[in-house]
Amino acid sequence: MSAIEKFIAEIPKAELHLHIEGTFEPELMFEIAIRNNLKLKYSSVDELKAAYNFNNLQEFLDIYYSGADVLIEEQDFYDLTWAYLQKIHSQNVLHTEIFFDPQTHSSRGVHFSKVISGIHRALEDGQTKLGISSKLILSILRHLSEESAIQTLEEALEYKNWITAVGLDSSERGHPPSKFQRIFEKALEEGFLTVAHAGEEGPPEYVWEALNLLHVSRIDHGNRSLEDPELVAELARRHIPLTVCPLSNLKLKVVNDMSKHPLTEMLDKGLLATVNSDDPAYFGGYVNENYLAVAKALNLSKQQITQLAKNSFAASFLEEKEKKSMIEKVEKFSHQ
Ligand code: HPA
Ligand code: ZN
């Protein structure tokens, strides 16, 4: 292991952009499909993995939703989440904020209560057995209707204490944040924080809408914000974090080459950028592999990596006191 690899592996960090359905490793997918008497479209793990060749966000989403189709029971959601927590425990992730997509499951007749109970039970075990703290973010599928989003939010109210924020994901182009302005107003009234995927494939205007209409606390991805200097200034002035996902950007062709990734430009422009894995089972790496990919391609220094790890806690939904203590841990590590 190289010195930089070791430094990345050991530095304490948080993950803030992670879709739990995107952690579904092919081996577990086959195991759960078999026990639920369901057939996958692919006959083997290798055949499934060979299909993970995407030209854009939509090509990925089609495969991601079909993989999630085998999740039926509360135990399936537990197993999925527990496998992810064990993995990040080995990567020195101390805190994680996880998206889940209830509509992906309710559309197949799998009730909200099963989905959230399985995930929540694993997150509790993550805290007690692995010492990993977590927050849960309910993500609305933007390609579906406002009515479907309203229904999802209503189902969530019963589990309000388990959910920190409401987010927005899925096909970005043609589905601007403004489509969900009323839902997000309701979510804010109910006491949820808000976040949104914006500027991954969509234009800077979608990032403006996420800020001004959805009142988000963070932007997920946000790459295309860099096309608009006024937007960059606004994001920097308001310390709005960007949850950046380098390997996802490469696999979905948001960037053509990792050496052209805008992460250092973001940091240089004073943006609170963080590094995350998005859908690690599909994009070839968990959080440490994402740090390593940008560290190599952009020749990041230990100081820049330390900054990214500190940003991950600063941008989190932890309480100020917890943030401070986590950031101190990162500093202590980097000085040893
Ligand atoms: N973008 C939009 N929707 C998603 C993503 C993403 O990166 N991952 C899972 N759902
Ligand atoms: Zn995402």
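The values are calculated or read from the model by the stated rules, or taken from the named source; none is laboratory data. Predicted model only: the values in this text are computed from it and were never measured. Backbone-built Cβ (ideal geometry, glycine too); neighbour counts: all protein chains shown.
Of all residues in segment 224-265, those that are buried (at least 23 other Cβ atoms within 10 Å of the Cβ) and either out of contact with any Phe, Trp or Tyr (no Cβ under 7 Å at 6 or more places or on another chain) or assigned to a strand (DSSP E or B) (or both) total 11. For segment 285-307, the set of residues classified as under 19 Å from Leu242 (Cβ atoms), of a type outside the set (S, T, N, Q), over 16 Å from the mean Cα position of the chain (by Cα) and in a helix (DSSP H, G or I) consists of Ala293, Val294, Ala295, Ala297, Ile305, listed by residue number.
Please pick out the residue among Ala33, Ala83, Ala68 that is within 16 Å of ligand 2 (Cβ to nearest atom), among the small types (Gly, Ala, Ser), surrounded by fewer than 22 Cβ atoms within 10 Å (Cβ to Cβ) and at pLDDT 95 or above. Full working, then the answer.
Working: Ala33 fails: within 16 Å of ligand 2 (Cβ to nearest atom); Ala83 fails: within 16 Å of ligand 2 (Cβ to nearest atom).
Only one candidate qualifies: Ala68.
The set of residues in segment 195-225 being in contact with a strand residue (DSSP E or B) (Cβ under 9 Å, 6 or more places away or on another chain), more than 16 Å from ligand 1 (Cβ to nearest atom) and of a type in the set (S, T, N, Q) consists of Ser217 alone.
Return yes when Arg182 is within 20 Å of Glu265 (Cα to Cα) and either more than 14 Å from ligand 2 (Cβ to nearest atom) or free of Cβ contacts under 8 Å to residues at least 12 places away in the same chain (or both) and no when it is not.
Working: within 20 Å of Glu265 (Cα to Cα): no; either more than 14 Å from ligand 2 (Cβ to nearest atom) or free of Cβ contacts under 8 Å to residues at least 12 places away in the same chain (or both): yes.
Taking the combined requirement at face value, the residue does not satisfy it.
Would segment 165-184 turn up any residue that is of a type in the set (S, T, N, Q), modelled with pLDDT of 95 or more and touching a Pro at 6+ places or on another chain (Cβ under 9 Å)?
Restricting attention to segment 165-184, the residues satisfying the condition of being of a type in the set (S, T, N, Q) are 170-171, 178, 181.
Among the residues that remain, those that are also modelled with pLDDT of 95 or more are: 170-171, 178, 181.
Filter again for touching a Pro at 6+ places or on another chain (Cβ under 9 Å), leaving none.
No, because not a single residue in segment 165-184 is of a type in the set (S, T, N, Q), modelled with pLDDT of 95 or more and touching a Pro at 6+ places or on another chain (Cβ under 9 Å).
When each of Tyr206, Tyr282 is tested for being of a type in the set (Phe, Trp, Tyr) and more than 30 Å from Leu157 (Cβ to Cβ), the lone residue that passes is Tyr282. Take Val115 and decide whether it is part of a loop (DSSP other than H, G, I, E, B), without any contact (Cβ under 8 Å) to a residue 60 or more places away in the chain and over 17 Å from the mean Cα position of the chain (by Cα). When the stated conditions are applied, Val115 does not pass them. Do we find that Gly109 is at pLDDT 95 or above and not in a helix (DSSP H, G or I) in this structure? So Gly109 fits the description; yes. Taken together, the residues in segment 44-62 that are in contact (Cβ under 8 Å) with a residue 12 or more places away in the chain and within 15 Å of Leu141 (Cα to Cα) amount to 4.
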